[in-house]
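Chemist: Would you mind keeping the following structure in view while I ask a few things?
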Amino acid sequence: MKSLFVNKKDFVIVKIIIAKDKKNENLYISNNKEDLLSRKEVNKDSVEEYEVKFRNPDYGDNVTIYSNSVNIDGNNIKVDPMAVRYKKFVTLVNDWTFTGENGEPLEVNSNNINSLHPDLANFILDEFERLTL
């Protein structure tokens, strides 16, 4: 039986494998290293592995995520799915292993989250949602 309360010490880890093509023009993102390495267009020396750690949402998190993403106008209710995803990311992300140009760990903050490549941010959220459904 599931607990009635969310354990704040339980985390979901999203694993990310990133590679570039041989011309350094395209970015490939996966959760499967073998899949990336099997692609002939991938520069095998460019493969990097990262992790993003999220905490599980509790009721208060859901209120925060959805209250900023739903617009009620009379009888019309509109949900902004991108706002839901963004708020979910910034609310629940706990840690990551991304590093800066000099190899120093990058702090988890809204500025760095906003600087993520959109394809990478969407992949991370897709994986988090897949792991938590």
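The values are calculated or read from the model by the stated rules, or taken from the named source; none is laboratory data. All values derive from a computational prediction rather than experimental measurement. Glycine gets a Cβ as well: all are built from the backbone with ideal geometry, and neighbour counts include every protein chain shown.
Chemist: Would you check if there is a residue in the stretch 81-94 being loosely packed, with under 14 Cβ neighbours inside 10 Å and modelled with pLDDT of 95 or more?
Modeler: Yes: one or more hits.
Chemist: Scanning the stretch 15-61 for residues that are hydrophobic (A, V, I, L, M, F, W, C), surrounded by 15 or more Cβ atoms within 10 Å (Cβ to Cβ) and not in a strand (DSSP E or B), which turns out modelled with the highest pLDDT?
Modeler: V47
Chemist: I've got another one for you. Are any of the residues in the stretch 24-32 within 24 Å of T132 (Cα to Cα), within 18 Å of the chain's Cα centre (by Cα) and aromatic (F, W, Y)?
Modeler: Taking every residue of the stretch 24-32 in turn, at least one turns out to be within 24 Å of T132 (Cα to Cα), within 18 Å of the chain's Cα centre (by Cα) and aromatic (F, W, Y).
Chemist: Scan the stretch 66-77 and give yes if some residue there is at positive phi and of a type in the set (G, A, S), otherwise no.
Modeler: Checked the stretch 66-77: at least one residue is at positive phi and of a type in the set (G, A, S).
Chemist: Scan the stretch 89-103 and tell me whether some residue there is assigned to a loop (DSSP other than H, G, I, E, B) and within 20 Å of L125 (Cβ to Cβ).
Modeler: Checked the stretch 89-103: at least one residue is assigned to a loop (DSSP other than H, G, I, E, B) and within 20 Å of L125 (Cβ to Cβ).
Chemist: Hey, could you check the stretch 62-71 for residues that are exposed (fewer than 13 other Cβ atoms within 10 Å of the Cβ) and not in a strand (DSSP E or B) and say which is nearest to the chain's Cα centre (by Cα)?
Modeler: Per the stated criteria, the residue is N62.
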